[in-house]
Amino acid sequence: MPNKPHWTGPKRPSAGPRPHPDRRRQGGKQDKDQHAINDQIKAPQVRLVGDNVEPGVYSIAQARRIAEGLELDLIEIAPTAEPPVCRVMDYQKFVFQQRKRLKEQKAKAAKVVVKEIRFGPQTDDHDYNFKLKHAQGFLQEGAKVKAYVFFKGRSILFKEQGEVLLLRFANDLEDLGRLDQMPVLEGKRMTIILSPKKPGSAKKKDDAPAAEE
């Protein structure tokens with residue numbers, strides 16, 4: 001009877017219990033955006049939070065038993081606290097919530113609101129001050145302001161007057177807004193763009209009228 005061929009390759013690991021899908025990477029190097037979970041948590045005591053959990057300070061062994069009893073994960077959410085704070089919840093759900101929150105924050109930061117304000121080349125003081133007040137409010141709310149003078153028909157002859165008006169507008173808003181673009185004539189519009197300054201600068205502008213009164 002011929003002998004069976006002898007396998008010389010790497011040994012197959014012995015069969016064992018399949019790990020819980022939410023309890024991956026319990027040892028070894030963590031991903032840079034991963035929180036310590038379960039056996040990765042090294043603190044002797046932790047403060048426990050989460051649904052269906054009695055908040056309080058527990059030994060790490062007790063905290064792990066509570067999480068296992070609920071078939072959930074123990075996730076270290078505040079490692080620098082004393083003692084560290086851990087949440088009992090499904091790890092996959094926790095990661096999903098974290099990524100969703102980060103995505104929303106990025107979308108909010110990337111969203112730029114631009115408010116437009118229109119002038120005529122011969123705008124009177126009453127209308128000018130009314131629009132100036134609106135621009136102050138927009139900048140204080142963190143929005144950009146795009147102000148433009150619209151030249152209708154023969155009013156294009158007054159383009160120098162429109163430029164003076166826009167520069168005056170930028171000067172009156174200098175405590176709240178930074179001039180990103182000098183007056184530019186495109187077709188029948190002459191435009192400037194102002195970006196909001198830091199909140200501290202806005203307070204100075206708010207205080208100025210009170211001082212004048």
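Coordinate-derived values only; no laboratory data. In this text, all values refer to a predicted model and were calculated from it rather than measured experimentally. Cβ atoms come from the backbone with ideal geometry, glycine included; neighbour counts cover every protein chain shown.
By count of other Cβ within 10 Å, fewest leading, how are F130, F169, F151 ordered? Working shown, then result.
Details: F130 11, F169 24, F151 20.
Lowest to highest Cβ neighbour count: F130, F151, F169.
Using alpha-carbon pairs under 8 Å, 6+ residues apart, how would you state the relative contact order of region 38-106 in percent?
On the way: 93 pairs, mean separation 20.7, N = 69.
Relative contact order of region 38-106: 30 percent.
Give, in nm to one decimal, the length gained when the segment between V184 and L70 is fully stretched (0.36 nm per residue of separation minus the Cα-Cα distance).
Details: separation 114, 0.36 × 114 = 41.04 nm, distance 6.53 nm.
Contour length minus Cα-Cα distance gives 34.5 nm.
For R178, list long-range residues whose amide hydrogen, built 1.01 Å from N in the peptide plane, is under 5 Å from its own amide hydrogen.
Close amide H contacts, sequence-distant or interchain: S195, K197.
State the extension gain, in nm to one decimal, for the chain segment bounded by K152 and K115, taking 0.36 nm per residue of separation less the distance between their alpha-carbons.
Details: separation 37, 0.36 × 37 = 13.32 nm, distance 2.15 nm.
Length difference between fully extended and current span is 11.2 nm.
In whole percent, what relative contact order does region 64-139 give with Cα contacts below 8 Å and a gap of six or more residues? Show your work: numbers first, answer last.
Numbers: 38 pairs, mean separation 12.8, N = 76.
This gives 17 percent for region 64-139.
What FRET efficiency do you get for T80 and D175 if R0 is 41 Å and r is their Cβ-Cβ distance, rounded to the nearest 0.05? Can you show the working numbers first?
Details: r = 39 Å, r/R0 = 0.95.
Result of the calculation: an efficiency of 0.55.
Using 29 Å as the Cα-Cα cut-off, could you pick out the over-long pairs in K131/K188; K106/K188; K106/K197; K115/K188? Write down the numbers at each step before the final one.
On the way: K131/K188 20 Å; K106/K188 37 Å; K106/K197 20 Å; K115/K188 19 Å.
From the list (K131/K188; K106/K188; K106/K197; K115/K188), the Cα-Cα distance tops 29 Å for K106/K188.
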